[in-house]
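Report on the following structure.
The values are calculated or read from the model by the stated rules, or taken from the named source; none is laboratory data. None of the values given here were measured: they were computed from a predicted structure. Neighbour counts run over all protein chains shown; Cβ positions are idealised from the backbone, glycine included. These accessible areas exclude ligands, DNA and RNA; they are computed on the full protein's heavy atoms, side chains included. Shrake-Rupley method; radii C 1.70, N 1.55, O 1.52, S 1.80 Å.
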Amino acid sequence: MEHAQQQVDPSPSPAVRGYRHIGHVVRPGGDVAALVGPVLRAALDAGEPVVVACTEPVATQLLVAVGHPEDVHVHPAEALDDRPPNAIAAIGSLVDRELPDDGRRLHLVTGPGDPDDWRSWAQTEALLNHVLAERPVDHLCLLTPALGELDGVDAQAVTRATHPWLLTEEGVLRNPDYRAPDELLREVERALVPDPLEATEPTLSVIDLDDMRALRRALRQALADSALTEEAAQDFVLAIDEVTANAAEHGVPPVDVKLWCTPERLLCAVTDRGTSFDDPLVGYGPAHGDMAVGGMGLWLARRSVDTLTTTAADDSGQGCTVRLVVRA
């Protein structure tokens, strides 16, 4: 397949108003500092702040390459939560703490990460482009080729799909293979439904829900015998409660709730007869502070589960089913 010719941008901060998400896969034995160092030096020379939140020894290599490390704010590299909303909240919080209020761009370097679940990682990287779209940030993600060991995934392909810009030996290039977050997330979500558990007998089934309190009691009782900790069970009930309340208020009755519990994971499907929505970005930003734009309830639900997907309830496109999954 032929791609459009890549456009080289040699400057650290091009005429970009908002978030610039730059990807780079760190190869074993490669000199990452040789590529990243000049970018960070140019940012510092322009009087713009630089934050390095990388694992060792990469952080040390970058500080040496910069030449005047005292001007760089080093942030401890923390393992990001596998749940995309929590990972996004952590990065967003870091950005908001470090972003200057005088109009200058922030330059942030993170990674290299070592994800356990490529789907969650891809969702996080894609959603950053949406949630942080308005932040004046150059965010360079250093990524590990170990991603390629997960389910035969091509790390370069996922990187190119989730980053509008790439750092190469030729400089920072516009990426012709970048895909819009909503498009990529729809593809990831399609791989998750229908869930195989739905072909089995549910642990709990509430048809035509008419008592939210009774539902919460039934859920707590069912989850008490599951593999979830008490805290995780409480979070799961909260997420189901938020989604069910939304279906009861904005959907069309009846509302059905089904729960499946296995030693490995738990699934809850909430179905109403209203109109399904095909927007995987609902419940995420663009947002500031609490990231609640698009629905605080859905944002809270997303943060309490491992995956949350929405689809039509049946093959005819009627109704709406929200599926919430927690890995036990």
Going highest first, how would you order 181-194, 117-130 by mean Cβ packing within 10 Å? 117-130, 181-194
For region 212-270, shape from the Cα gyration tensor axes a ≥ b ≥ c, cut at a/c of 1.5 then a/b versus b/c, turns out prolate
Considering only C-alpha atoms, what is the centroid distance from region 74-119 to region 203-252, in Å? 32
Would you list the P(r) distribution for the chain, with all Cα-Cα distances sorted into 10 Å bins from 0 and each bin expressed as a whole %? 5, 25, 30, 21, 13, 6, 0
For the pair Glu169 and Ala90, the simple spin-label estimate (label points 7 Å beyond Cα toward Cβ) gives in nm 3.4
Could you look at region 26-175 and say what percent of its accessible area is carbon and sulfur, using a 1.4 Å probe and all protein chains? 50
Going by average Cβ neighbours within 10 Å, how do the peptides 93-99, 299-305 rank, with the highest at the top? 299-305, 93-99
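Give, rounded to the nearest 20 debye, the magnitude of the charge dipole that the chain has about its Cα centre when Lys and Arg contribute +1 at Cβ and Asp and Glu contribute -1 at Cβ.
With Lys and Arg at +1 and Asp and Glu at -1, about 320 debye.
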How do 266-275, 48-57 rank on mean C-beta neighbours within 10 Å, highest first? 266-275, 48-57
With the other protein chains left in place, how much accessible area per residue, in square angstrom, belongs to region 179-328 at a 1.4 angstrom probe? 50
Expressed in nm to one decimal, what extension gain is obtained for the pair Asp117 and Thr200 from 0.36 nm per residue of sequence separation less their Cα-Cα distance? 27.4 nm
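Counting heavy atoms of the protein chains only and a 1.4 Å probe, report the per residue accessible area for region 26-156 as a whole number of Å².
I get 43 Å² per residue for region 26-156.
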Set the Förster radius R0 to 56 Å, insert the Cβ-Cβ distance between Val252 and Val74 as r into 1/(1 + (r/R0)^6), and round the FRET efficiency to 0.05. 0.55
Along each of its three principal axes, how wide is the spread of alpha-carbon positions in region 61-211, in whole angstrom units, largest first? 64, 38, 26
